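Chemist: Dropping the structure in here first, questions after.
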Amino acid sequence: MGLYIPPWRALSRLEHVCPTGIRIWGAHTVNGLVTSGGDREERTAPHVVVGDNTQPRLRHRGARGTSWKTPGVWRCDLEKLSSGYQTRALSDYGRVLQCPGCGHVRRYSCGRRLPTSDSSCGRTRPPWNVKFFGTDDFALECLKILNKYSKAQEEVVGRLEVVSLPSLLPRGLPVANYASEEGIPFHEWPDIGPCDQFDVGVVASFGRLLSEDLILKFPYGILNVHPSLLPRWRGPAPLIHTVLNGDKMTGVTIMQIRPKRFDVGPIVMQEPYPVPPKCTSKELEAVLSKKGAQMLISVLKDLPEHLRTVTEQPKEGVTFGPKITTSMSCIKWAEQTPDQIIRLERAIGFVMPLQAVWMGAPIKLLDFVEVSDSLITSDFPTLPGSIQYLPVPQIMVVCCKDGWVGIKAIKLRKKMSAKDFYNGYLHPWFVKKSDIPLEECRFYTLHLPPKSKTPKQRSLSAGSMGC
């Protein structure tokens, strides 16, 4: 079947090119037979169907089945033409034929003549010309393996180009840096360069929604390497929410991109992976990025076959992992349990440290650890945020919902150990000298002001903002 023809597309003109030479333009079914155009388009213009060794034919309004008014041109048997082909629904625009051999798709504006040949969409086996969209370390592993297989003896990738986002960081983005070092042609979004000579697009951790027009520029569509078992954790931060929610199982999904929404396309390949105990999201990223890169190459080695056997995502079990915000780092001592606080640090600690308020000033808390119940005595205060120092393990313990959590380091003006913080701010001598009420010597929740919303800029290539 080859390329999956996207059902969201209301195609007014479609040319389907395959090695047999059969071309369909605006095809749909009438009385069980394959004809051309849709009911809505039929009111405005005739449509063309081209069979092997035939000339274009026009179907006029009111024609049914194989009743065609085509004086001066050859006819073709539509039943025979559709034999061996599969059809897919296009909403209320009817159905289109899909070739079991390759499924290359080309779209043409209204009134444009069919070309007699199209060499750019005749490729049915590797090496593929690939345009890669990515930004971070997770995407970098996919780009590295694509670059490797463009030079290997078993050539899977032919031409390779990269699209990444602009960066305000002095060090730049990993994908852009690697492309520059390796001499891979590079484009900065929203400039994506020409796509006419590329067979397939690949997206990994890109963070921009790709438009329908862009997706249809690639004969085999655009693949997304997503680090979760979709439909769980759709969205821009699947790894963080996997760790944050204590999932025992995760994985990698390779799916086809669809426009207007993130991570809703059909699944091409999916493999589960157990979440290691006490791992951070950064550690999980390192493992799944390599796994996803290998899966991507496996798909590209037999791309038409994998696209022929795609499966739609189940409607049950859908969850969304939104982008992380600074407010997520503010610990809610009265609402979060020790396990939740520790998972929060493992999930986002590599991006931003957890925060609280100490004596009216923001403070950053580092290196959280579990606390044994045997270390907690009955004389400890029970107000959320209350602090005690344990000299033997040299940690501070803080009261939270349903227990205590340990902290090994703090950053106020500078980073210091729990022991140094106790000697400087919690020692009885300091508390007595500073004349601070004992009940005030505790951490409070930091409340950040809501982030002001700015109008979203829509680029020419963006649908409204994948993978």
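The values are calculated or read from the model by the stated rules, or taken from the named source; none is laboratory data. None of these values were measured; they are calculated from a predicted model. With ideal geometry, Cβ positions are generated from the backbone for all residues, glycine too; neighbour counts draw on all protein chains shown. The area values use the complete protein model at the heavy-atom level, side chains included, leaving out ligands, DNA and RNA. Shrake-Rupley method; radii C 1.70, N 1.55, O 1.52, S 1.80 Å.
Chemist: For the pair residue 124/residue 137, report the inter-label distance in nm, with labels modelled 7 Å from Cα in the Cβ direction.
Modeler: My value for the distance between the label points is 4.3 nm.
Chemist: If you don't mind, there's one more thing I want to ask. Where nothing but the Cβ of Lys and Arg (+1) and of Asp and Glu (-1) is charged, how large is the charge dipole of the stretch 248-386 around its Cα centre, in debye to the nearest 20? Please report the intermediate quantities before stating the final value.
Modeler: Values: 16 positive and 15 negative charges, 128 e Å.
Dipole about the Cα centre, nearest 20: 620 debye.
Chemist: Working with all protein chains in place, sort 161, 155 by solvent-accessible area computed with a 1.4 Å probe, largest first. Don't skip to the answer; put the middle values down first.
Modeler: Numbers: 161 15, 155 85 Å².
Largest to smallest exposure gives the sequence 155, 161.
Chemist: By how many nm would the segment from residue 286 to residue 197 lengthen if fully extended, with 0.36 nm per residue of separation less the alpha-carbon distance?
Modeler: Fully extending the segment from residue 286 to residue 197 adds 28.8 nm.
Chemist: Using only protein heavy atoms and a 1.4 Å probe, report how much of residue 249 is accessible, in Å² to the nearest 10.
Modeler: Accessible surface of residue 249 is approximately 100 Å².
Chemist: Still on this structure, please answer the following. What list of ³J(HN,Hα) couplings, whole Hz, do you get for the stretch 342-355 from phi and the Karplus terms 6.51, -1.76, 1.60, once you set θ to phi - 60° and write x for glycine and proline?
Modeler: Per residue, the Karplus-derived 3J(HN,Hα) values read 5, 5, 4, 5, 5, 7, 10, x, 6, 9, 8, x, 6, 10 Hz.
Chemist: Show me, for the stretch 271-282, the HN-Hα J-couplings you get by feeding each phi into the Karplus relation (A = 6.51, B = -1.76, C = 1.60, θ = phi - 60°), rounded to Hz, glycine and proline as x.
Modeler: 9, x, 8, x, 6, x, x, 6, 7, 8, 5, 5
Chemist: Heavy-atom accessible area of residue 263 with all protein chains present, probe 1.4 Å, nearest 10 Å²?
Modeler: Roughly 10 Å² of residue 263 is accessible to a 1.4 Å probe.
Chemist: Please compute the modelled spin-label separation between residue 144 and residue 305, points set 7 Å along Cα→Cβ, answer in nm with one decimal.
Modeler: Modelled inter-label distance: 2.8 nm.
Chemist: Quick one: of 144/411; 332/415; 291/323; 282/408; 291/364, which pairs are farther than 30 Å apart, Cα to Cα? All intermediate terms of the calculation are to be shown ahead of the outcome.
Modeler: Values: 144/411 37 Å; 332/415 22 Å; 291/323 23 Å; 282/408 20 Å; 291/364 34 Å.
From the list (144/411; 332/415; 291/323; 282/408; 291/364), the Cα-Cα distance tops 30 Å for 144/411; 291/364.
Chemist: Rounded, prolate or oblate: which fits the stretch 192-318 when a ≥ b ≥ c are the square roots of the eigenvalues of the alpha-carbon gyration tensor, with rounded for a/c under 1.5 and prolate only if a/b beats b/c?
Modeler: Numbers: a/c = 1.81, a/b = 1.72, b/c = 1.05.
Prolate, since a/c reaches 1.5 and a/b exceeds b/c.
Chemist: Using a probe radius of 1.4 Å on heavy atoms only, what accessible surface per residue do you get for the stretch 145-206? Whole Å² is fine.
Modeler: On the way: 3070 Å² over 62 residues.
Per-residue accessible area for the stretch 145-206 comes out at 50 Å².
Chemist: Another question, if that's okay. Using θ = phi - 60° and the Karplus curve 6.51 cos²θ - 1.76 cosθ + 1.60, what whole-Hz ³J(HN,Hα) does each residue of the stretch 189-199 get, with Gly and Pro shown as x?
Modeler: Running phi through 6.51 cos²θ - 1.76 cosθ + 1.60 with θ = phi - 60° gives 3, x, 6, 10, x, x, 10, 4, 9, 9, 8 Hz.
Chemist: So, one more: Order 351, 200 by their accessible area, 1.4 angstrom probe, all chains in place, largest first. Show your work: numbers first, answer last.
Modeler: On the way: 351 75, 200 0 Å².
Largest to smallest exposure gives the sequence 351, 200.
Chemist: For the pair residue 382/residue 177, report the inter-label distance in nm, with labels modelled 7 Å from Cα in the Cβ direction.
Modeler: Distance between the two pseudo-spin positions: 5.1 nm.
Chemist: Related question: At R0 = 22 Å, how high is the FRET efficiency between residue 152 and residue 248 if r is their beta carbon distance? Nearest 0.05 is fine. All intermediate terms of the calculation are to be shown ahead of the outcome.
Modeler: Values: r = 36 Å, r/R0 = 1.65.
For R0 = 22 Å, the calculated efficiency reads 0.05.
Chemist: With all protein chains present and a 1.4 Å probe, how do 181, 305 order by accessible area, largest first? Before the final figure, lay out each step's value.
Modeler: On the way: 181 145, 305 75 Å².
I get 181, 305, largest accessible area first.
Chemist: Hey, another quick one. Under a Cβ-Cβ cut-off of 13 Å, what is the net charge of the residues other than residue 125 that fall near it, where Lys and Arg count +1 and Asp and Glu count -1? Before the final figure, lay out each step's value.
Modeler: Working: positive: 123, 301; negative: 154, 155, 199, 302, 305.
Net of charged neighbours comes to -3.
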